[in-house]
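Step one of this worksheet: look at the structure below.
The values are calculated or read from the model by the stated rules, or taken from the named source; none is laboratory data. Since the structure is predicted, the reported quantities are computational estimates derived from the model, not experimental observations. Reconstructed Cβ throughout: ideal geometry from the backbone, glycine too, with neighbour counts over all protein chains shown. Please note that ligands, DNA and RNA were not included when accessible areas were found on the heavy atoms of the full protein model with its side chains. Shrake-Rupley method; radii C 1.70, N 1.55, O 1.52, S 1.80 Å.
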Amino acid sequence: MTKLIIYTDGGARGNPGPAAIGFVIGDKHYAETIGKTTNNVAEYTAVIFALKKTKQLIGKEKAKETEIEIRSDSELLINQQNGEYKIKEEDLKTLFIEIWNLKIDFELVKFKH
């Protein structure tokens, strides 16, 4: 089994405001603007983009044998993904479900603060 550590981050100026995401997979760095949104949505979006990109880079079959560790500075994101915090915001519930569905493509996905 392969293990990958992925660093993610997202943020918005103004909250809501102009937002961007970034993530690092191995020695590859990715970043892009995502329009106007909140910090929390940007943090979630960074994880979604990172999981999709990882699957694209390694392929569907290898993904099933890969353990992913997502590292983020977002206490909210990590604790919600680990089941320690409830998800109260409707827009985050949709993004949580999207991450949940992406996690199925991998052997294991863990979240660390």
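Assuming charge only on the beta carbon of Lys and Arg (+1) and of Asp and Glu (-1), the dipole of the chain about its Cα centre is about 180 debye to the nearest 20. Within the chain, DSSP assigns beta bridges of which about 55% are antiparallel (rounded to the nearest 5).
Ranking Gln56, Ile70, Ile34 by Cα position along the charge dipole of the chain, where only Lys, Arg, Asp and Glu carry charges on their C-beta atoms, puts Gln56 farthest toward the positive end. Label sites at Lys88 and Glu65, each approximated as a point 7 angstrom past Cα along Cα to Cβ, lie 4.5 nm apart. Taking all protein chains as shown and a probe of 1.4 angstrom, Phe23 keeps an accessible surface of around 10 Å².
Rounded to the nearest 10 degrees, what's the angle between the helix 39-58 long axis and the longest principal axis of the chain, both from Cα atoms, 0 to 90? Between the helix axis and the principal axis of the chain, the angle is about 20 degrees.
Cα-Cα over 19 Å: which of Lys60/Lys86; Lys3/Lys28; Lys62/Lys110; Lys55/Lys110; Lys60/Lys93? Violating the 19 Å limit, Cα to Cα: Lys60/Lys86; Lys60/Lys93.
Put simply, the amide H of Thr37, placed in the peptide plane, has neighbours under 5 Å in Gly17, Ala19, leaving out anything fewer than 5 places away on its chain. Assuming charge only on the beta carbon of Lys and Arg (+1) and of Asp and Glu (-1), the dipole of the range 61-110 about its Cα centre is about 120 debye to the nearest 20. For Val109, the residues 5 or more places off, or on other chains, whose built amide H falls under 5 Å of its own are Ile68.
Here the gap between Lys112 and Lys3, fully extended at 0.36 nm per residue and compared with their Cα-Cα distance, gives a gain of 37.8 nm.
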